[in-house]
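We did not get these values from a lab; they are worked out from the coordinates using the rules stated. Note that the structure is a prediction, hence the values are computed from the model and not measured. When we count neighbours, we look across all protein chains shown, and the Cβ atoms used for this are built from the backbone with ideal geometry, even at glycine.
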Amino acid sequence: MGNRRLISIVLVFILLLCPLHTIGFSEQPRYAPKLEFLTGYGSARIKQKGVYHIIPFFFDFNFDLTALLEKHKIRFPGSLTFVLEPFISYVFSPNRNVEVGNNIAFKIGILAETSRFQPYFKGGSGPVFISQHTREQGTQFNFNDFAALGVHYFFTKTVALTFEYRFRHISNAEIKKPNRGIDSHFGLCGIVFLF
């Protein structure tokens, strides 16, 4: 409970500071893709095996949809991004295992792209193969749905540091019983490059 409270306080503090820190990113290329690398730590509880410890490696390809909307005279207050997110995760407990998958997601930026701090919401889904056999899932082929809250901090017009909290739910969409699901919590950090 203490960690959740600390994360909430930090995120509220960042959100309050966001309007105070803006920089001139107006020359930033609107259609340029953004490449983002994220890693961190995740954990879940699985029956009879205890805590499932995960070190993920996400490779995000971000495509700006805001400029496309503006081209069709649709004004979006923040930013809207389509994200293609292949990933591989190393599972080191309860046994050494691996997860491999690909997410499709949308990221909604709360502030304009000219802000040095850019808080965002992100959500998506995609297939995942987990090599760990669990009592919760009847098959190793699953789908993972996730919701995330994060912030980018831009050092320059083309490089940013990212911090993200992510909640993930894995299930197999009733392909095979059992399908109780596995819920995970992730703390992630990474770096963004604009091209």
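Here LYS49 is the anchor, and the aspartates and glutamates within straight C-alpha reach of less than 18 Å, apart from those fewer than 8 places off in the same chain, are GLU99, GLU136, ASP183.
Model label sites at LYS177 and ALA112, defined 7 Å from Cα along the beta-carbon direction, differ in position by 5.7 nm.
Would you mind getting me the FRET efficiency between ILE74 and PHE143? Use the beta-carbon distance for r and R0 = 45 Å, nearest 0.05. Display every interim value, and only then the final one.
Details: r = 30 Å, r/R0 = 0.68.
Plugging the Cβ-Cβ distance into 1/(1 + (r/R0)^6) gives 0.90.
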